[in-house]
Amino acid sequence: MKIINGYELIQMFEEFAPKKYALEGDPIGLQIGTLNKPIHNVMIALDVLENVVEEAIEKKVDLIIAHHPIIFRPLKKISTEDASGRLVEKLIKHDIAVYAAHTNLDVAVGGVNDMLAHALHLENISVLAPTFEHKLKKLVVYAPKENAEELLTKIGESGAGAIGEYSHCSFSSEGTGRFLPGENTNPHIGERGRLEKVSEVRIETIYPEYLEKKVISSMIKAHPYEEPAYDIYALDLKGEELGLGRIGELKKEMSLEEFAIFVKESLDSPGVRVVGALQDKVKRVAILGGDGNKYVSRAKFKGADVYVTGDIYYHTAHDAMNMGLNIVDPGHNIEKIMKKGTAERLREMSEKRGFKVNFLPSDMNTNPFIFI
């Protein structure tokens, strides 16, 4: 097992929730400390409060990955006479780095909003409010006929050829390849200094731009030629759409009252606020972790019977009532689901790579509200 350093760990994490997914102006990334050190223990936290920092010190944590940035607005000063200043001082003194993954973790496939949607057992899930789209490219590569199937398999395993629910999609056509091996070559087929004609297969497949290094590397490793001939084309096609929130359907219809109780229990919330008639029937559900006030109209437009989100304002609730949209507000703190979910995802990724590192979901309650 290999000891991982901070840069390697964050590089791995950003395969899951890349910075480019974040909304403009979101203060994500390394906020306190350094990544230039070995990492043995990583704590996953929703918020970085004093009780979380004390927990991290006790558990000898080297890095905290937090959903909510500890520095959300620029600091004018760091004074140890202030609570925020003492928090920063304590983190630095104990060499605990803090990395924030906010809206990029909300948007990511398998991120906060997918975790919430799956906790409610939603089906036919799609994005509520698109914010990002992957660019698509096409790979064209030429290979000897007898090697084509093996090459196709390896390229497909790298993630190329995915279209919707289908994988390993490609097109092949046969033709004749010509090449003249030079004096310093070691050709798989043919001889140095002699023009060679080979029965070859032209393989075409598509891939999202972010997988380019992986796809090309897999293709080159699997290709029998020293110098594979291949082309890459940028495509003006719509790729996978990512964004905030999710919308899907319940397995069976419920009354709004039944659904509100279901949300409370499924998302481990101490209480919920409900907007709408409790006897209303709901089946199509929109959900967005955190403050979802901006997306009430979007939820209605997408055909939701009920919108699950936090921090709903008084007048926004009136707007929802007027448009006939029910709301269940279990609070902002339901995003705590990311602690366990993110820790499990990173644990799986690190085990596949042979990294020796512990991922610890924070046990601290950081909900500022008490329900009586």
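Could you tell me which of rounded, prolate or oblate describes the stretch 298-372, using a ≥ b ≥ c as the square roots of the eigenvalues of the alpha-carbon gyration tensor, with rounded for a/c under 1.5 and, failing that, prolate when a/b is larger than b/c and oblate otherwise? It comes out oblate by the Cα gyration axes. About its Cα centre, how strong a charge dipole does the stretch 1-59 have in debye, to the nearest 20, once Lys and Arg get +1 and Asp and Glu get -1 at the Cβ? Rounded to the nearest 20 debye, it is 340 debye. Solvent-accessible surface of the chain, taken per residue with a 1.4 Å probe and all protein chains present: 54 Å².
The relative contact order of the stretch 98-246, computed from alpha carbon pairs under 8 Å that lie at least 6 residues apart in sequence, is 42 percent. Can you classify the chain as rounded, prolate or oblate using the Cα gyration tensor, where a ≥ b ≥ c are the square roots of its eigenvalues, rounded means a/c under 1.5, and otherwise it's prolate if a/b beats b/c and oblate if not? In terms of gyration-tensor shape, oblate. Per-residue accessible area (protein heavy atoms, 1.4 Å probe) orders Asp311, Asp95 as Asp95, Asp311, starting from the largest. So which of Lys214/Lys352; Lys138/Lys238; Lys145/Lys197; Lys154/Lys221; Lys264/Lys294; Lys251/Lys283 end up more than 18 Å apart by C-alpha? With Cα atoms farther than 18 Å apart: Lys264/Lys294. For His68, the accessible area of its heavy atoms, probed at 1.4 Å with every protein chain present, is near 30 square angstrom.
Annotation: aspartates and glutamates with alpha-carbon distance below 16 angstrom to Lys252 (same-chain offsets under eight excluded): Glu123, Asp280, Asp305.
Taken about its Cα centre, the stretch 55-105 carries a charge dipole of about 160 debye when Lys and Arg each add +1 at the Cβ and Asp and Glu each add -1 at the Cβ. In the context of the full protein assembly, Asp62 retains an accessible surface of approximately 30 Å², using a probe radius of 1.4 Å and ignoring ligands and nucleic acids.
Maximal additional length on extending the Asp268-Asn41 stretch stands at 79.1 nm, based on 0.36 nm per residue less the C-alpha distance. For the chain, the residue among Ile337, Pro228, Ala117 whose Cα projects farthest onto the positive side of the dipole built from Cβ charges is Pro228. At most 10 other Cβ atoms within 10 Å and a DSSP loop assignment: could you name the trypsin sites (Lys or Arg not before Pro) in the stretch 207-262 that fit? Answer by residue number: Lys238. For the chain, the mean residue ellipticity at 222 nm estimated from helices alone is -8500 deg cm²/dmol, where every DSSP H run of n ≥ 4 contributes -39500 (n - 2.57) and the total is divided by all residues, rounded to the nearest 500. For the stretch 2-58 versus the stretch 170-225, the inter-centroid distance based on Cα atoms is 41 Å. Note on His121/Arg86: beta-carbon distance plugged into 1/(1 + (r/R0)^6) with R0 of 51 Å gives a FRET efficiency of 0.75. For the chain, the relative contact order is 20 percent, taking Cα pairs closer than 8 Å that sit 6 or more residues apart in sequence and dividing their mean separation by the residue count. For the chain, a crude dipole built from +1 on the beta carbon of Lys and Arg and -1 on the beta carbon of Asp and Glu, taken about the Cα centre, is about 320 debye to the nearest 20.
Shown for the chain: the carbon plus sulfur share of the solvent-accessible area, taken with all protein chains present and a 1.4 angstrom probe, equals 50%.
The values are calculated or read from the model by the stated rules, or taken from the named source; none is laboratory data. Computed from a predicted model, the values in this text were never measured in an experiment. Don't worry about glycine lacking a Cβ; one is built from the backbone with ideal geometry, like all the others, and counts go over all protein chains shown. All accessible areas refer to the heavy atoms of the entire protein, side chains included, with ligands and DNA or RNA removed. Shrake-Rupley method; radii C 1.70, N 1.55, O 1.52, S 1.80 Å.
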